[in-house]
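The values are calculated or read from the model by the stated rules, or taken from the named source; none is laboratory data. Quantities reported herein were computed from a predicted structural model and do not represent experimental measurements. In this analysis, Cβ positions are derived from the backbone assuming ideal geometry, glycine residues included, and neighbour counts consider all displayed protein chains.
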Amino acid sequence: MLMFVATFLTFMAIGGFPSFVDDMKIFTRERLNSHYGVAAFVAGNTFSSIPYLFMISLVPRVMAYYLVGLQKGIDHFVYFALMLFACMMLVKSLMMIVASVVPDFLMGIITGAGIQRVMMLNGDDLPKPFSRYPMYYISFHKYANQGFYKNEFEGLTFPNEQTRGPPTIIGEEILRSVWQVEMGYSKWMDATIMFGMVILYRLMFLGIIKTIEKVKPIIRGL
């Protein structure tokens, strides 16, 4: 369930890509009329989308969190909610970057879906020689999955079914040995990295738009 939330649920957020393309068309027209600048558009789009993305991520997390028997503590629920919200913000930011480069609906959705799928694979599934450097660290699914697993397993104990060894095994050992989660930092560091990537993606979107504005006149003049 945790991997489903971090991958498939956020993957389906690419369905909003056509609206991003429409936003870019409106911005281009308003920009030609000198109504507002690039920074104002990026900031306005960011802050206006936060409440809606929060509500979109609120419904599935409230419905699914306690039904599947995850940890009952309010701090665990808040962390789960923050990570899901960060995933939604990241996907939206990624699709905005794609929309600024690929304005076609179909090609944009294909491109965005392909990028996300590569991130999913590099987050966990592909062999290390092919994926660890640098895609493993670029993929936000890595930090989302590890944050979700740490939030769920840390502090728990389970009966040890092996004939040798202690009668119980702690959740941290399961994370390290079974799920191969990096335990050198806390789950809150994963959350910090996620929100840092949101800011980075938005800055990349800002830089791409400014670059396109400067390059287009040069290309037309050739």
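Can you tell which of Tyr52, Tyr79 is in a helix (DSSP H, G or I), aromatic (Phe, Trp, Tyr) and without any contact (Cβ under 8 Å) to a residue 24 or more places away in the chain? So that I can check it myself, show each step before the final result.
On the way: Tyr79 fails: without any contact (Cβ under 8 Å) to a residue 24 or more places away in the chain.
None of the others qualify; the one that does is Tyr52.
Please go through segment 20-49 and give me each residue that is of a type in the set (Gly, Ala, Ser) and either in a helix (DSSP H, G or I) or at pLDDT below 85 (or both), ordered by number. Before you say what the answer is, go through the steps one by one.
Applying the first criterion (of a type in the set (Gly, Ala, Ser)) to segment 20-49 yields 34, 37, 39-40, 43-44, 48-49.
Of everything in segment 20-49, those that are of a type in the set (Gly, Ala, Ser) and either in a helix (DSSP H, G or I) or at pLDDT below 85 (or both) turn out to be Ser34, Ala39, Ala40, Ala43, Gly44, Ser48, Ser49.
So Lys72 clears everything in (1) basic (Lys, Arg); (2) part of a helix (DSSP H, G or I); (3) surrounded by fewer than 12 Cβ atoms within 10 Å (Cβ to Cβ) except one condition, right? Which one?
Tallying (1) basic (Lys, Arg); (2) part of a helix (DSSP H, G or I); (3) surrounded by fewer than 12 Cβ atoms within 10 Å (Cβ to Cβ), Lys72 fails exactly one: (2).
Could you go through segment 176-184 and let me know if any residue there is in contact (Cβ under 8 Å) with a residue 60 or more places away in the chain and in a helix (DSSP H, G or I). Even if it seems obvious, please write down each step before you answer.
Going through segment 176-184, the residues in contact (Cβ under 8 Å) with a residue 60 or more places away in the chain turn out to be none.
No, segment 176-184 contains no residue that is in contact (Cβ under 8 Å) with a residue 60 or more places away in the chain and in a helix (DSSP H, G or I).
Out of (1) acidic (Asp, Glu); (2) at pLDDT 90 or above; (3) within 27 Å of Gly44 (Cβ to Cβ), what's the single condition that is false for Asp104?
(2)
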